[in-house]
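The values are calculated or read from the model by the stated rules, or taken from the named source; none is laboratory data. Note that the structure is a prediction, hence the values are computed from the model and not measured. Counting neighbours? That spans all protein chains shown, and the Cβs are built from the backbone with ideal geometry, glycine included.
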Amino acid sequence: MHERPWRNTPLTEEQKASNQEKSHLRARVEHIFATQSAQGSNRIRTIGKARAWFQTGLGNLLHNLCRFSLLQSRAAV
């Protein structure tokens, strides 16, 4: 969790650096969920755990393929 400044006690430089490091990691993870949500896989409407896992796996595969094609197009330029 992030450190929080309180009244009349601002954050130290170490706390600011720690918050920035946590934000960097959090952004990397949350971008994946945002991409999957935009692709429509934010709700799983299946009956059964196996089908839900399969649908989640397909969503992850779609995200990885889109990310791979993006990285390939950047490498070509």
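Worth a mention:
- Unique match (being hydroxyl-bearing (Ser, Thr, Tyr), modelled with pLDDT under 90 and out of contact with any helix residue (DSSP H, G or I) (no Cβ under 8 Å at 6 or more places or on another chain)) among Thr56, Thr46: Thr56
- Filter pass, Ala17 being of a type in the set (A, V, I, L, M, F, W, C), surrounded by 12 or more Cβ atoms within 10 Å (Cβ to Cβ) and part of a helix (DSSP H, G or I): no
- Flag for Arg4 being assigned to a helix (DSSP H, G or I) and either β-branched (Val, Ile, Thr) or surrounded by fewer than 10 Cβ atoms within 10 Å (Cβ to Cβ) (or both): no
Yes or no, residue by residue, for (1) free of Cβ contacts under 8 Å to residues at least 40 places away in the same chain; (2) part of a helix (DSSP H, G or I); (3) surrounded by 13 or more Cβ atoms within 10 Å (Cβ to Cβ):
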site	(1), (2), (3)
Ser23	yes, yes, no
Ala34	yes, yes, no
Ile47	yes, no, no
Leu62	yes, yes, yes
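- So Arg43, is it within 19 Å of His63 (Cβ to Cβ) and assigned to a helix (DSSP H, G or I): no
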